[in-house]
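The values are calculated or read from the model by the stated rules, or taken from the named source; none is laboratory data. Just so we're clear, the structure is a prediction, and the values are computed from it rather than from any experiment. Every residue, glycine as well, gets a Cβ built from its backbone with ideal geometry; the counts of neighbours run over all protein chains shown.
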Amino acid sequence: MITFLPPKNTSKKSELGFTLIEMIIALVIMSVLTVLSSQSIQQAIRSKVKLQSQVDEMSKVRDSLRVIERDINLAYHYRDLPMEFDAEVYKQKTSTSATGSGTTGTVPGAPPVPNTSTDNSAFLNDPKTKEKYQYKKDPVTQFVGKEDSLAFATSNVGRVAEEQLLADFAKVGYAVKTCKKMDQSDSNTQCLVRRLDPWLEGDIEKGGDETVLLEDVSEFKLKYFGAGKQDWVTSWDTRGQDGAAKDNFPQAVEISLAIEVNASTDKRNTDKKKKISMQLVAPIRFPNNKEKAAPTTSQAP
């Protein structure tokens, strides 16, 4: 006997299945989330690249300032102290002998007045002095600072190799010059150049090899402060006629350094520029200047 079973109800939805509409809605939601996530990731990457670029540019300026600061901290001002001592002894002897002979015009009974004159011509022309120092050659160090350049002697030197012949001090200079960029764009820019010469002889503003410290420089200004100055000045030349600067190093140098770089991450877009500037005051740790003698007066008893 054949038994016919009733057909199953195919219109009833399975508890574990999805309809076509539900699948389409789920795919749309996933697509929207994927697009939003990718845009957020791209924005984060662009922000990171921009921030890293700013950090790198600021680091370049800061590192350049540190190099200049180190050179200025260790500025080398040579003075022949033994000769200065001999000259002072010579002055005291000649002053005492002149006082004893009564040729100085001082009041009788008053103590001898120390000779504070800075003129060493008599000492240098003395036959004993010429005999003692005739073969002696000492380095002459100078400090020539301008508003946009600097040249002086420094003891901030280092040997690349142990056998390298190098003195304990050298000539160093800083200036802004036109140079080609290092990004292979074959374009020119303003660069901060450091000049180093291991030989101290000759003009302090000439000689040596130049090294580019910083590109895209828009500002490099210098100011100087030292004894005898009431405020910062824009020049300091130990070879000049300025009484405060002649044969004396300054006590500190103020450095203002700025660069202008592309503000956009796209190197082809050069319309937008951003400026990064820093300022630093670098003291000279040992100016080694002569102390000016205090004026003395003699009074009658």
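Report the residue count in the range 189-207 for those that are modelled with pLDDT under 90 and outside any loop (DSSP other than H, G, I, E, B).
So the count comes out to 0.
From 172, 217, grab the single residue that is in contact with a Leu (Cβ under 6 Å, 6 or more places away or on another chain), surrounded by 14 or more Cβ atoms within 10 Å (Cβ to Cβ) and within 18 Å of residue 156 (Cβ to Cβ). Break it down stepwise before answering.
Values: 217 fails: within 18 Å of residue 156 (Cβ to Cβ).
Going through 172, 217 in turn, just one is in contact with a Leu (Cβ under 6 Å, 6 or more places away or on another chain), surrounded by 14 or more Cβ atoms within 10 Å (Cβ to Cβ) and within 18 Å of residue 156 (Cβ to Cβ): 172.
Report yes if residue 222 is under 13 Å from the mean Cα position of the chain (by Cα) and under 30 Å from residue 47 (Cα atoms), otherwise no.
Numbers: under 13 Å from the mean Cα position of the chain (by Cα): yes; under 30 Å from residue 47 (Cα atoms): no.
No; evaluated as a whole, the condition is false for this residue.
What about residue 210, is it of a type in the set (Asp, Glu) and outside any loop (DSSP other than H, G, I, E, B)?
On the way: of a type in the set (Asp, Glu): yes; outside any loop (DSSP other than H, G, I, E, B): yes.
Answer is yes for this residue.
Which condition does residue 298 not pass, out of (1) at pLDDT below 95; (2) out of contact with any Pro (no Cβ under 8 Å at 6 or more places or on another chain); (3) among the small types (Gly, Ala, Ser), if it passes all the others?
So the condition that residue 298 fails would be (2).
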